[in-house]
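For reference, the structure discussed in these notes is given below.
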Amino acid sequence: MTEEVSRRDFVRMAGAAIGGIALGAVGGYSILPAKETIITQDVPLEVPEHPWVYAKLDVDKVKERAYAAYFEHGCSYGAFEGIIGELQDTVGHPFTSMPTIMSKYGKGGTVGFGTLCGALNGASMAMNLVSTDLNMVTEIVGEYTETAYPAWKPVVAKKTDDDLPTSVSGSPLCHVSVTKWCEASGFGSGSNERKERCGRLTAEVAGRTVEILNGMADGTFSAVFANPDSVTGCNGCHGDDGNVANVHAKSDCVQCHADAHDN
């Protein structure tokens, strides 16, 4: 008896093997070894507790960035993006986890209601992200009420390259700040000049905020703003500890209540 496989047997066995492979494929599996699949997943970086560690920034870079951002989404975003955006680029995490667009709401004194100036809103939020010292927020808001804006000019202006008239608001409110500037300049609130003015103001507020934060980082910050005499005098009666006790504020009183008393 021979050990050799006949031609007929060979053809029969080969056909059976091919049929088995085909059935396996139709059944949803393969008899061939599967390729190894490696699944990778990014592990989120831990977000540190508040306040986040600040790193000193270039004031001029922040101003230019805030100015450009103002013309994207307004004053609050301009100031916040000017500061936090620079920290994202220079420091990275955790600042890269903060979407700066969240500050857009503050434009026009909070979606156009004319309350707190958006530049102050965004700047204060940026300050509070890296510090618990609210005296720094008092400083930037208080300075704003006493500063003649705008004094700064961008490298390349968006609306006009002209030197613009300045005004002192005496108030942190968008409505008061814009109206006083319009009265002083003669330009309308919807004019390109007013938009340019607010863009430059946003840059100045962001830049001054960074100067204060840099001072904090160096250990040299010292608050110098003091409430106006009108606030001290009026709050003697109207403040929390006064006999009237119907006011809880430290904005200049006489701007809105100049004729509050006849005597």
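The values are calculated or read from the model by the stated rules, or taken from the named source; none is laboratory data. Owing to the predicted nature of the structure, the values given are computational and were not obtained by experimental measurement. With ideal geometry, Cβ positions are generated from the backbone for all residues, glycine too; neighbour counts draw on all protein chains shown.
Yes/no matrix, rows are residues, columns are (1) part of a helix (DSSP H, G or I); (2) more than 24 Å from LEU173 (Cα to Cα); (3) more than 20 Å from the chain's Cα centre (by Cα):
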position: VAL205; (1), (2), (3): yes, no, no
position: GLU211; (1), (2), (3): yes, no, no
position: GLY215; (1), (2), (3): yes, yes, yes
position: PHE225; (1), (2), (3): no, no, yes
position: SER230; (1), (2), (3): yes, no, yes
position: ASP241; (1), (2), (3): no, yes, yes
Query raised in the report: Can you tell me which residues in region 80-97 are part of a helix (DSSP H, G or I), among the β-branched types (Val, Ile, Thr) and more than 15 Å from LYS63 (Cβ to Cβ)?
Result: THR90, THR96
Query raised in the report: Is it the case that region 187-202 has a residue that's surrounded by 17 or more Cβ atoms within 10 Å (Cβ to Cβ), under 21 Å from the mean Cα position of the chain (by Cα), β-branched (Val, Ile, Thr) and outside any strand (DSSP E or B)?
Result: yes
Report task. Go over the candidates THR138, THR179, THR160 one by one and state the one that is assigned to a loop (DSSP other than H, G, I, E, B) and among the hydroxyl-bearing types (Ser, Thr, Tyr). Result -> THR160
**Report entry** Odd one out for ALA226 among (1) modelled with pLDDT of 95 or more; (2) surrounded by fewer than 19 Cβ atoms within 10 Å (Cβ to Cβ)
**Finding:** (1)
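So which residues in region 66-106 are in contact with an Asp or Glu (Cβ under 6 Å, 6 or more places away or on another chain) and either small (Gly, Ala, Ser) or under 12 Å from GLU204 (Cα atoms) (or both), if there are any at all?
Of everything in region 66-106, just one residue is in contact with an Asp or Glu (Cβ under 6 Å, 6 or more places away or on another chain) and either small (Gly, Ala, Ser) or under 12 Å from GLU204 (Cα atoms) (or both), namely ALA69.
Being farther than 23 Å from SER230 by Cα, in contact with a Ser or Thr (Cβ under 7 Å, 6 or more places away or on another chain) and surrounded by fewer than 17 Cβ atoms within 10 Å (Cβ to Cβ) narrows it down to one residue among ALA157, ALA151; which is it?
On the way: ALA157 fails: in contact with a Ser or Thr (Cβ under 7 Å, 6 or more places away or on another chain).
It is ALA151.
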Report task. All but one of (1) in contact with a His (Cβ under 8 Å, 6 or more places away or on another chain); (2) under 20 Å from GLU86 (Cα atoms); (3) not polar (S, T, N, Q) hold for GLY109, so report the exception by its number. Result -> (2)
Query - Close pairs from region 142-157: first farther than 16 Å from ALA66 by Cβ, partner of a type in the set (Ser, Thr, Tyr) and modelled with pLDDT of 95 or more, Cβ under 8 Å, at least 6 apart - result: THR145/SER169; THR145/SER171; ALA148/THR166; ALA148/SER167
Report summary line: Filter region 229-240 for residues that are modelled with pLDDT of 90 or more and of a type in the set (A, V, I, L, M, F, W, C); the one that is surrounded by the most Cβ atoms within 10 Å (Cβ to Cβ) is CYS234
**Report entry** Residue satisfying condition, being in contact (Cβ under 8 Å) with a residue 40 or more places away in the chain and either at positive phi or among the charged types (D, E, K, R) (or both), within set GLY114, GLY122, GLY78
**Finding:** GLY114
Query raised in the report: Only one of these conditions is not met by SER76: (1) at pLDDT 95 or above; (2) outside any helix (DSSP H, G or I); (3) polar (S, T, N, Q). Which number is it?
Result: (2)
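Can you tell which of THR2, THR37, THR96, THR90 is of a type in the set (Val, Ile, Thr) and at pLDDT below 55? Quick ask: steps written out before the conclusion?
Working: THR37 fails: at pLDDT below 55; THR96 fails: at pLDDT below 55; THR90 fails: at pLDDT below 55.
Only one candidate passes the filter, namely THR2.
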Query raised in the report: From the list PHE71, PHE10, which residue is surrounded by 10 or more Cβ atoms within 10 Å (Cβ to Cβ), aromatic (Phe, Trp, Tyr) and at pLDDT 75 or above?
Result: PHE71
Query raised in the report: Of the conditions (1) under 33 Å from the mean Cα position of the chain (by Cα); (2) crowded, with 16+ Cβ neighbours inside 10 Å, CYS256 fails just one. Which one is it?
Result: (2)
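Among the residues of region 241-253 satisfying the criterion of being exposed (fewer than 15 other Cβ atoms within 10 Å of the Cβ) and among the aliphatic types (A, V, I, L, M), which is nearest to ASN227 (Cα to Cα)? Show your work before the answer.
Step one: filter region 241-253 for residues exposed (fewer than 15 other Cβ atoms within 10 Å of the Cβ), giving 241-246, 248-249.
Restricting the remaining residues to those that are among the aliphatic types (A, V, I, L, M) gives 244-245, 249.
Numbers: VAL244: 20, ALA245: 18, ALA249: 11 Å.
Here the answer is ALA249.
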